Structures are given as structure tokens and as C-alpha cells.
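One structure below.
The values are calculated or read from the model by the stated rules, or taken from the named source; none is laboratory data. Keep in mind that what you see is a predicted model, and the values were worked out from it rather than measured. We place every Cβ from the backbone using ideal geometry, glycine too, and count neighbours over all the protein chains shown.
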Amino acid sequence: MEHSHAHNHHEPPTSLTNLLLAIVINGGIVAAELTVGLLIGSMALVSDAVHNLSDIVHMLFSYWAENVARRPATAAKTYGYRKIEFIAAFVNSIGLSVVIAFIFWESLKRLASPAEIPGTEMLLVAAAAFIGNGAATLLLQKISARNINIRSAWLHSLQDALFSLAVIVGSLTIILFGWTIVDPLLSLAICLVIARQIVKIVRQTVDSLLDAVPAGVDARAVRSDLAAIDGVQEVNDLHIWEGGADQRLLSAHLVTRGAADCAAIIRSAQELLLHRYGINHTTLQLLPDTAGAMEHCSHCTWGTNEGTTCTPQGRAPASPDAEAPRD
């Protein structure tokens, strides 16, 4: 059995000062938008403040997860703490859903009876928020290549800047035309966009916690490519999942043909998986085609040829209820 880690465990941690600065900037924006929004009755400012608050929580979770994920694996937690970020994102999303539902309901009531909104105050606060969000976005952009965890924080900050721009447009509409109904309409639109993002995050975190195949990876294509390696006859018991923002894992049984060069097969498989699919943690078990039925493989349900369980000789049909992982 061969096992490899293509990533470097000794890579020094990148400074997260930019992330902390972005959190401080967003904190100031939330305080300003929430205070002024409640004073002048602008649901657009309040909803944008809540969105910024959710991103602060997301950034804090990102910072916390970055530090916790570095903790070494133990005898009890052999994979370490990498999946902390998925748990944090899930909890954050559920809490945000409750707040968004409340703001959406309040905006619907305001839509039926629009309130007078001081457009000038709304414009000034929105402009300040746009400048602050723009600065935070630039700070996070500089470290966004670190991993998907930090990249998601950068995308949230970019989204904040765009939302602040939308509130600026709304306030200008109120100043120029007196259309106060624009305020609850903007709030509803922001809530819907946030809700869409929440659904995506929840789906991704649930899939990750269930060890589903990572998005963008076609398990059938991976199996086909592995089977095409010279010396490989079959690919059985294939599993692909992610352990964290920068870790994709795979385990599989490769049935070899004749007197195959096992070392060459392992090297080819690892290079293929890393460069084509970004899978940087592999565990491959090589089974010669001359071996008999493998009793320990009776659990294999997907990734076998012709719907069979993982037995190089005398293969038995797999369960008809076997289900392949999602693409």
C-alpha cells in the first residue's frame, strides 16, 4: 500500500494581518450603518450592516480556522482539525439565516407602507461603507491565493463593496426623485442575494462533512484516468473527499496486470491526481490480478468495474442499491 502527501507540512504560516485589518474596517462599517440606519429608518442600510456583520463573523471564523487547522493530528484525531472551517461556516450560515428572515419580513412591511428616508444621510453612510469595503477587499485580495478559506473571505468583502454601491444608487434615487420605496426594495434584493449565498455555503459544508466528492471533481473521470495507467487493470473502492480548504484526499484499490511495475504505477497515479484534479493526499492499495477474492473488500459499493465488488477473481455482483458519489 502506498500513501502520499503532496503538500508541505512545514510551510511557514502566511501573515494574517490583512485579515485582521479587514475585520476592524468592517466592524467600523457595521457600527456606522446600523446606528444611522436605525436612526433614519433605512432598511437598506440595516440589511447591508447585517451583511457586513455576517462577513465579520465569517472572517473571524476564517482566522480561527486557519489557526486551529494547524494543530497537529493526534491518536484520537488522525486527520487533525482541518474540517473545523466547515463546521464554523455551517453554524455561521444557520445563524445568519434567522437574521435575514427577520429583515426580509420587516422590509415587506415597509414595502406596504414606505417611510420617509433622509437620502443625504443614507448616501454619506453608504459612501463611507463603500470606501471601507473597498479597502478591506484590497487587503484580502493580497492574501487570497493562500487557500479557498481566505479566498471566500475576499469574495464576501468584494460582495460587501458591491452592496454598498447599490445602497449609494438607492440613496441617489431618493434624493433626486423622492422614491422612498427604493429603500425596502434594495433591502429585499440584498436579502435574496445573501440567502442564495447561504444556500451555497450550507450545501458545500454539508457535502464536505459527509465526505462527498469535492465540487469540480468528476469521480467517474478520475476512475477512468486511473484505469488508463499502464499496468492497471481495474480501479475499485474509489473514494474522493476533502479534509479542508487546501486538502483533497483519495483512496482506491488498483488491480494490477501481470508483473506490473508498482512503483511506476504509484508515481503516475500521484502525478495525475495532483496536476489534473488537485488531489494532494492519496492512499492507493495495489492488488495483483492473481490474488484471490479479498474478504476485507466486501464493503466496496462504488468504483468497481461492471457493478462488481472489489474481488480480483471470482467477483460477485454489487448491491443494486449501490449509489455513486455525486460528480
Any residue at all in segment 111-126 that's part of a helix (DSSP H, G or I), over 18 Å from Phe163 (Cβ atoms) and in contact with a Pro (Cβ under 6 Å, 6 or more places away or on another chain)? yes
Segment 254-286: number of residues that are touching a helix residue (DSSP H, G or I) at 6+ places or on another chain (Cβ under 8 Å) and not polar (S, T, N, Q): 9
Can you find a residue in segment 147-160 that is over 19 Å from Ile56 (Cβ atoms), outside the structural domain of Leu238 (by TED's automatic domain parsing) and not in a helix (DSSP H, G or I)? yes
Check whether at least one residue in segment 191-207 is among the aliphatic types (A, V, I, L, M), in contact with a His (Cβ under 6 Å, 6 or more places away or on another chain) and under 22 Å from Leu38 (Cα atoms), and report yes or no. yes
Determine which member of the set Leu165, Leu176, Leu158, Leu188 is out of contact with any strand residue (DSSP E or B) (no Cβ under 9 Å at 6 or more places or on another chain) and over 25 Å from Ile40 (Cα atoms). Leu158
Answer residue from segment 236-289, given it is of a type in the set (D, E, K, R) and within 24 Å of the chain's Cα centre (by Cα) and is surrounded by the most Cβ atoms within 10 Å (Cβ to Cβ) among those: Glu242
Considering each residue of segment 244-291, count those that are in contact with a strand residue (DSSP E or B) (Cβ under 7 Å, 6 or more places away or on another chain), of a type outside the set (A, V, I, L, M) and part of a strand (DSSP E or B), and give that number. 10
Ile279 being under 24 Å from Val217 (Cα atoms), modelled with pLDDT of 65 or more and touching a Gly at 6+ places or on another chain (Cβ under 6 Å): no
Only one of Ile103, Ile87 that is within 15 Å of the chain's Cα centre (by Cα), among the aliphatic types (A, V, I, L, M) and at pLDDT below 80: Ile87
All but one of (1) under 32 Å from the mean Cα position of the chain (by Cα); (2) surrounded by fewer than 22 Cβ atoms within 10 Å (Cβ to Cβ) hold for Gln233; which doesn't? (1)
Picked from segment 106-138 (must be among the aliphatic types (A, V, I, L, M) and modelled with pLDDT under 80), the residue surrounded by the fewest Cβ atoms within 10 Å (Cβ to Cβ) is Ala112
